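Trainee: To start, I am sharing the structure in question, which I have written as structure tokens.
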Amino acid sequence: MEYGVGIIGTGNIAETHANAVLAANGARLVACYNHNAAKGDAFASRFGIRSYHELDSFLSDGDVDIVMIATPSGAHLEPALAAIGSGKKAVIVEKPLEITTARCDMMIHAAEEKGVLLAGIFQSRYFEAVRLMRKALDEERFGRVTMISAQFNWYRTQEYYDDVPWHGTKALDGGGVLINQGIHTIDLLRWFGGDVDSVSAFCGALGHERIEVEDSGVAAIRFRSGALGIIEGTTASYPGSMRRVEICGTDGSALLSGDSIGAWDFRDERPEDAAIKASIANASVPTWGASTPTVADASAHAENIEDVVRALEEGRDPMVSGREARKAVELVEAIYDSAYGGNVVRL
């Protein structure tokens, strides 16, 4: 079965979503909604789809089975609740799911009550390198995991914040580099490390003016497994470098550099390790998100969408369900509570 997809919001990330739907098996792009008629119509014209300026009319379109939410972060809840209430089969929400766990919970509970599949966008989980690291974890190749670190020292110009009114605001961004740019990498750290016991953090606006949120933050984490973790992120590191996620254990270690494996060393070597190590030498230097918010390759987003389609067909949760997407928001919320409260926060 092929599911019709409609997009709410037609800004920068909606372009990525639209291209992802066009590339995804089992999905077709049929409509968009934006209260700004000019923006919505221009977007619809580019993709050859229907444009709606009234949300009720958009949600009444019988060809729309799946709704994708591409509004600013702090404006995900209301259109998601409307889509859930309209009886659509699924709602897919751009990261973060929402800017607080309380708002996430409202969305999750509404979807569960209505029997609507709720999913988030964390396309990094679908990269092959990330899957390899997750597989090695599941097979306990690291031995006892001792440390997981996540680093995203990126760069955004002052104009990035000045030119888009909601960027850098508490109401619609929810925070700064941690909940916006870094949420994908924080999701990977949380997915790799499991449940978090406690957090101690510092945040500040160190490289930009006229923003209400942090452009730099660090956090020390203790996972419930006993492993320790570090998060380091900024949008004030010119010119921006590739993100890194490293897993260290008593029997091995592996590094994600950008979207590729950057190191792969285990005490018990296996035949497949040779090909993985060979890929390290041949990998291009990735700078995913380092200096621009534009997503050049929508293939992982397409896999994210295809997983939702398969989940609908198979009657299961997708890998990034609403409850899974909430976990990264919970961790970032704890980091903010620690940084601005000046104390260790237990989850």
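Bear in mind that the values in this text are calculations on the coordinates, not laboratory data. Keep in mind that what you see is a predicted model, and the values were worked out from it rather than measured. Methodologically, a virtual Cβ is constructed for each residue, glycine included, from the backbone with ideal geometry; neighbour enumeration extends over all protein chains shown.
Trainee: Pick out which of 237, 45, 257 has the largest mean-square fluctuation in a Gaussian network model of the chain, springs linking Cα atoms closer than 10 Å.
Mentor: Its mean-square fluctuation being the largest, the pick is 45.
Trainee: Dipole size in debye (nearest 20) for the range 26-77 around its Cα centre, Lys and Arg Cβ +1, Asp and Glu Cβ -1?
Mentor: Working: 4 positive and 6 negative charges, 52 e Å.
Dipole of the range 26-77, to the nearest 20 debye: 240 debye.
Trainee: Could you bin all the Cα-Cα distances of the range 219-271 into 5 Å bins starting at 0 and give me the percent of pairs in each, rounded to whole numbers?
Mentor: Reading the bins upward from 0: 4, 15, 20, 21, 20, 11, 6, 3, 0.
Trainee: Picking from 171, 206, 342, whose Cα lies most toward the positive end of the charge dipole for the chain (charges on Cβ: Lys, Arg +1; Asp, Glu -1)?
Mentor: Working it through, the farthest residue towards the positive pole turns out to be 342.
Trainee: Suppose every Lys and Arg Cβ carries +1 and every Asp and Glu Cβ carries -1, with no other charges. What dipole size does the chain come out with about its Cα centre, to the nearest 20 debye?
Mentor: Here the size comes out at about 340 debye.
Trainee: Return an integer: the convex hull volume of the alpha-carbon atoms of the range 194-347, in Å³ per residue. Walk me through the numbers on the way to the answer.
Mentor: Numbers: hull volume 26.3 nm³, N = 154.
Per residue, the Cα convex hull of the range 194-347 comes to 171 Å³.
Trainee: Something else: In the range 147-165, which residues have a backbone nitrogen under 20 Å from the label point lying 7 Å from residue 202's Cα in the Cα-to-Cβ direction?
Mentor: 149-154
Trainee: Right, here's the next one. By count of other Cβ within 10 Å, fewest leading, how are 7, 221 ordered?
Mentor: Working: 7 32, 221 26.
Least to most surrounded, the residues fall as 221, 7.
Trainee: Going out from 0 in 10 Å bins, what whole percent of all Cα-Cα distances in the range 37-121 drops into each bin?
Mentor: 18, 49, 28, 5
Trainee: Here's a follow-up. Rounded to a whole number, what is D in µm²/s for the range 102-248 from Stokes-Einstein with the Kirkwood radius over alpha-carbon pairs (25 °C, 0.890 mPa s)?
Mentor: Value of D from the Cα-based Kirkwood radius: 146 µm²/s.
Trainee: Quick one: among 121, 148, 49, which has the greatest mean-square fluctuation in a GNM of the chain with alpha-carbon springs under 10 angstrom?
Mentor: In the Gaussian network model the winner is 49.
Trainee: Something else now. What's the longest piece of the chain with no exposed GluC sites (Glu not before Pro), counting a site as exposed if DSSP puts it in a loop and it has at most 14 other beta carbons within 10 Å?
Mentor: On the way: sites that count: 2, 54, 139, 140, 209, 212, 269.
It works out to 55-138.
Trainee: Would you mind ranking 215, 163 so that the residue whose beta carbon has the fewest other beta carbons within 10 Å leads the list? Mind showing how you got there, number by number?
Mentor: Values: 215 26, 163 9.
Fewest-to-most Cβ neighbours within 10 Å comes out as 163, 215.
Trainee: Quickly estimate the mean residue ellipticity at 222 nm for the chain, helices only: each DSSP H run with n ≥ 4 gives -39500 (n - 2.57), and the total goes over all residues, rounded to 500. Write down the numbers at each step before the final one.
Mentor: Details: 11 runs with 127 residues, N = 347.
For the chain, the value works out to -11000 deg cm²/dmol.
Trainee: Compute, for the range 167-320, the length of the dipole vector about the Cα centre, with Cβ point charges of +1 (Lys, Arg) and -1 (Asp, Glu) only. Units Debye, rounded to 20. Intermediate results must be reported in sequence, preceding the final value.
Mentor: On the way: 12 positive and 24 negative charges, 77 e Å.
Roughly 380 debye for the range 167-320.
Trainee: To the nearest 0.05, what FRET efficiency results for residue 12 and residue 267 with a Förster distance of 51 Å applied to their C-beta separation? Could the numbers behind the result be given before it?
Mentor: On the way: r = 45 Å, r/R0 = 0.88.
Efficiency computed from Cβ-Cβ geometry: 0.70.
Trainee: Among 121, 90, 154, pick out the residue whose Cα is farthest towards the positive end of the charge dipole of the chain, where Lys and Arg carry +1 and Asp and Glu carry -1 on C-beta, about the Cα centre.
Mentor: Highest projection toward the positive end goes to 154.
Trainee: Would you mind telling me which residue in 219, 14, 278 has the biggest mean-square fluctuation in a Gaussian network model of the chain, where springs connect alpha carbons within a distance under 10 angstrom?
Mentor: 278
Trainee: Here's something else I'd like to know. The range 124-174: which trypsin sites (Lys or Arg not before Pro) are DSSP loop and have at most 12 other beta-carbon atoms within 10 angstrom? Can you show the working numbers first?
Mentor: Working: sites: 125, 131, 134, 135, 141, 144, 156, 170; in loops: 141, 144, 156, 170.
Loop-located and lightly packed - 144.
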